[in-house]
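J.: Please read through the structure below; I'll follow up with questions.
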Amino acid sequence: MKNLFISAPVWTRLVGALLCSSLMACGGSGGASSEAPPPTPPAAAIETTSLTIGVTDAEGDFLQYEVALESLELVNAAGDQISVLPASARIDFAQYTDVTEILSVASVPVGVYTHALANLDFSAANIVTQDAEGNVLPAVAIDTQGDPLTQVSVEISLSTFGEDQGFRLRPGTPARFTLDFDLDASNTVTIDDAGTPGDISDDSATTEVSAVWVAEPLLDTEREHRIRGLLQSVDSDAPSVTLAIRPFHLRAGAFGEIALRLSADAVYEIDQQSYTATEGVAALAALDVDTPVVTSGHFVESDERFVVDTVFAGSSVPWAGGEFIKGVVTARDGNQVTVQGVRFTPEDAGIEVSPQLQFSLSADTHISYAGQPNALSDTSVSIGQRVRVYDAEAGGDVDADHVSLLKNQLRSRVVSVASGVIVSELSLFNGRRPAAYEWTQAGADPMAYRVFDNALPHTLEAGDYLKARGWVSAYDFSVGAAINPWDFSATTLIDLNMAVRAAGLHLRWDATPTVPVSVDSQSIVMNLVDVDRALLSVAGFRDNLSEFEQVTIAPTSDGKTVYTLAVKGETGIHIFFNFANLAAELTEQLDAGYAIVGVSGGGHWQADAATFNSHRLVIVVEEVAL
């Protein structure tokens with residue numbers, strides 16, 4: 001039996017869907033009289049404010065984690081339960097690597113909210129994981145007793161928001177809120193190799209789920225945000241666009257409207273034609289109301305709004321019509337391309353997730369990327385490249401009419417730097433382990449992957465951790481020859497500064513530990529002698545901490561912290577923004593006969609002191625069996 005601990009570097013930010021309806025309540029009514037009924041007083045208006053909700057996640061080993069969010073409610077200080085989800089939604093929580101999806105902009109009553117209630121249905125869940133070698137395995141969700149998982153209810157405490165008073169919505173002040181379904185802390189995956197090591201054909205996987213959610217009263221300004229919806233209007237002078245939000249792949253529902261500023265540098269793909277600048281705005285303005293639109297950009301806190309830099313609209317949106325494949329190229333044999341991703345079939349509104357989707361290229365296939373009007377050669381459809389593939393004829397084999405290239409993201413450890421080329425060892429490529437790709441088909445080596453820096457300023461050197469965005473280099477598959485002396489052309493280079501971020505701590509005890517834990521207001525010291533899994537993840541790489549006898553967890557000094565305490569098998573989750581408050585609650589739990597069985601956090605690792613300074617932390621405890 002092989003145990004795989006699902007880790008997500010620097011904290012999974014993945015959320016469960018939220019708020020939508022415009023909420024108004026009816027007022028009171030008058031009493032009866034023997035003479036004549038008194039006039040009915042007017043309905044009492046309930047003061048509301050705007051609340052924006054997002055969904056996000058970080059890199060991990062789940063390729064798919066699709067479950068149904070049946071309902072979501074906010075509960076205020078008076079005990080009123082306010083339903084904020086207009087319809088059940090199937091959400092694939094694994095699809096939000098370094099991206100936040102805007103779920104809704106809701107008009108909700110002002111006041112103080114003490115907790116949220118989320119109800120999930122796993123009975124028809126589609127969960128797919130990958131092992132350390134990149135092998136893809138479906139996983140069955142089970143509860144802590146080993147039974148198949150069905151309905152799961154979670155209560156998320158908001159009482160520690162706003163100086164321990166609750167999440168306060170004030171009149172006239174727009175609010176923002178993120179609920180994160182922490183896949184790392186919530187899941188323990190076990191892979192059964194069926195007694196045939198090295199052969200995955202008969203392997204199976206289960207994931208034990210003990211749902212842990214985290215809430216934060218903000219949106220992450222550093223992350224890319226995606227907003228999907230139906231076009232309502234375009235202001236060409238501003239310029240800006242207003243959408244009726246349709247998150248995920250939902251076609252209906254009152255999720256609110258949102259106005260987005262269009263960046264001067266925004267790129268557009270509209271009805272499979274590429275535009276830039278004012279031409280793109282004009283093409284967007286010419287579309288009919290309710291045309292499908294998908295945008296991406298960033299939330300700018302100083303402006304209190306989203307600024308969009310990429311727009312897809314019309315038939316360039318998967319659910320607009322025709323047939324779509326969206327995913328990443330893992331193999332190519334001549335003009336036959338294999339994609340690990342999603343296939344959309346409009347005739348039945350179906351969605352198929354598969355590691356072996358196929359499409360064919362031809363001489364008539366138009367290949368481009370948003371903002372690039374000129375057609376590209378099919379050599380650009382290379383191993384690792386993210387693609388959106390459109391076929392006007394739905395059903396049967398997918399013969400690509402149009403392939404739109406999307407930017408890619410990698411994480412790696414630098415091996416050497418010379419002449420503008422950064423040679424590095426890949427850890428994650430578009431969220432997948434390097435072993436998932438047939439690199440040799442494009443002459444690439446994941447242990448010495450060559451990134452062209454495009455003269456971008458950097459100080460990278462051997463041993464540094466790199467995060468890069470850009471384009472996979474073209475490769476001539478007809479003759480098996482590289483076109484460039486590099487594998488990847490970077491448009492963004494980020495030196496992951498390990499002094500301040502990018503480390504993840506993951507501890508798990510399969511059996512209830514008996515070694516005592518030392519807790520005070522500034523530290524938690526854990527003995528690792530009998531720990532079952534102790535991992536440190538850095539930029540997608542994992543290092544075993546078995547050489548350390550103990551680890552100390554301490555807070556960071558920047559004050560931007562979120563700590564969560566959950567009891568395994570119970571629905572209540574406590575959230576803290578102060579380490580001392582977390583320590584006090586943990587001490588009470590330990591004194592009451594509970595033991596720590598899991599830890600997941602993001603922060604900075606000091607190897608010389610065996611100390612993890614955490615800005616994000618989930619601690620799971622379990623009652624000790626007598």
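J.: What residues from region 306-331 fall in the zone where the backbone N is under 11 Å from a label point 7 Å along the Cα-to-C-beta line of residue 469?
T.: Residues 309-310 fall inside that zone.
J.: Could you calculate the FRET efficiency of residue 529 with residue 435 from 1/(1 + (r/R0)^6), where r is the beta carbon distance between them and R0 is 51 Å, rounded to 0.05? Display every interim value, and only then the final one.
T.: Working: r = 33 Å, r/R0 = 0.64.
Once rounded, the FRET efficiency stands at 0.95.
J.: Between residue 511 and residue 571, what is 0.36 nm times their sequence separation minus the Cα-Cα distance? Round to one decimal in nm.
T.: Values: separation 60, 0.36 × 60 = 21.60 nm, distance 2.10 nm.
That pair, residue 511 and residue 571, stretches by 19.5 nm at full extension.
J.: What FRET efficiency comes out for residue 520 versus residue 425 if R0 is 41 angstrom and r is the Cβ-Cβ distance? Round to the nearest 0.05. Can you show the working numbers first?
T.: Working: r = 40 Å, r/R0 = 0.96.
After rounding, the FRET efficiency stands at 0.55.
J.: Something else: At what distance in nm do the modelled label points of residue 418 and residue 117 sit from each other, each positioned 7 Å from its Cα along Cα→Cβ?
T.: Here the modelled spin labels are 6.5 nm apart.
J.: In debye to the nearest 20, how big a dipole does the chain give about its Cα centre with +1 on each Lys and Arg Cβ and -1 on each Asp and Glu Cβ?
T.: 1040 debye
J.: What are the residues whose amide H is under 5 Å from the amide H of residue 367, where those residues sit 5 or more places off or on another chain and H is modelled from the backbone?
T.: HN-HN under 5 Å from residue 367: 376, 403.
J.: Taking amide hydrogens as modeled 1.01 Å from N in the peptide plane, which residues meet the under 5 Å criterion relative to residue 141, leaving out close sequence neighbours?
T.: For residue 141, the qualifying residues are 149, 207.
J.: Can you find, among 244, 515, 140, the residue farthest towards the positive end of the dipole of the chain? Put +1 on the C-beta of Lys and Arg, -1 on that of Asp and Glu.
T.: 244
J.: Could I ask something else about it? What ³J(HN,Hα) values, in whole Hz, does the Karplus curve 6.51 cos²θ - 1.76 cosθ + 1.60 give for region 445-454 when θ = phi - 60°, with x put for Gly and Pro?
T.: 10, x, 7, 9, 7, 9, 10, 7, 7, 6
J.: Give me the distance between the Cα centres of region 60-107 and region 469-538, rounded to whole Å.
T.: 27 Å
J.: Another one. Between residue 221 and residue 236, what length in nm is gained on full extension when 0.36 nm per residue of separation is reduced by their alpha carbon distance?
T.: On the way: separation 15, 0.36 × 15 = 5.40 nm, distance 2.56 nm.
Roughly 2.8 nm would be gained on extension.
J.: Give the Debye-formula value of log10 I(q)/I(0) at each listed q (0.18 Å⁻¹), with one equal scatterer per alpha carbon of region 388-432, two decimals each.
T.: For region 388-432 at q = 0.18 Å⁻¹, log10 I(q)/I(0) is -0.69.
J.: Which order do peptides 582-590, 77-85 fall in by mean Cβ count within 10 Å, highest first?
T.: Details: 582-590: 17.8, 77-85: 14.4.
My ranking of the peptides, most packed first, is 582-590, 77-85.
J.: Here's a follow-up. Report the Cα-based extents of the chain along its three principal axes, largest first, to the nearest Å.
T.: Sorted largest first, the three principal extents are 91, 69, 47 Å.
J.: Whole-Hz Karplus ³J(HN,Hα) for region 305-311, in order, using 6.51 cos²θ - 1.76 cosθ + 1.60 and θ = phi - 60°, x for Gly and Pro?
T.: 7, 8, 10, 9, 10, 9, 9
J.: Only residues of region 150-182 count here: report those whose backbone N is under 17 Å from the spot 7 Å along Cα→Cβ of residue 592, or say none.
T.: Label zone hits: 155-160.
J.: Can you give the FRET efficiency for residue 479 and residue 140, using 1/(1 + (r/R0)^6), R0 = 41 Å, r = Cβ-Cβ distance, to the nearest 0.05?
T.: On the way: r = 45 Å, r/R0 = 1.10.
Calculated transfer efficiency: 0.35.
J.: Where in region 392-430 does the amide nitrogen come within less than 19 Å of the point 7 Å from the Cα of residue 363, taken along Cα to Cβ?
T.: Flagged as within label range: 399-403.
J.: Let me ask another. Using 7 Å Cα-to-Cβ label points, what is the residue 461/residue 549 separation (nm, one decimal)?
T.: 3.5 nm
J.: If you don't mind, there's one more thing I want to ask. Once you list every other residue whose beta carbon is under 13 Å from the beta carbon of residue 440, what net charge do they have if Lys and Arg are +1 and Asp and Glu are -1?
T.: Details: positive: 332; negative: 333, 438, 445, 487.
So the environment of residue 440 carries a net charge of -3.
J.: Checking a compactness column here: for region 505-626, what do you get for Rg(Cα) / (2.2 N^0.38 Å), N being the number of residues?
T.: Details: Rg = 13.5 Å, N = 122, 2.2 N^0.38 = 13.7 Å.
In units of the globular-protein estimate, region 505-626 measures up at 0.99.
J.: Pull out the extension gain between residue 376 and residue 584, defined as 0.36 nm times the separation in residues minus the alpha carbon to alpha carbon distance; nm, one decimal. Working shown, then result.
T.: Details: separation 208, 0.36 × 208 = 74.88 nm, distance 6.03 nm.
Gain in length upon complete extension: 68.8 nm.
J.: Can you pull the one-decimal nm distance between simple spin-label points at residue 68 and residue 47, each 7 Å off the Cα toward Cβ?
T.: Result: 4.0 nm between the two label points.
Quick note: the coordinates plus some simple rules give every number you see, no bench work behind them. Since we're looking at a predicted model, the values are computed, not measured. Neighbour counts run over all protein chains shown; Cβ positions are idealised from the backbone, glycine included.
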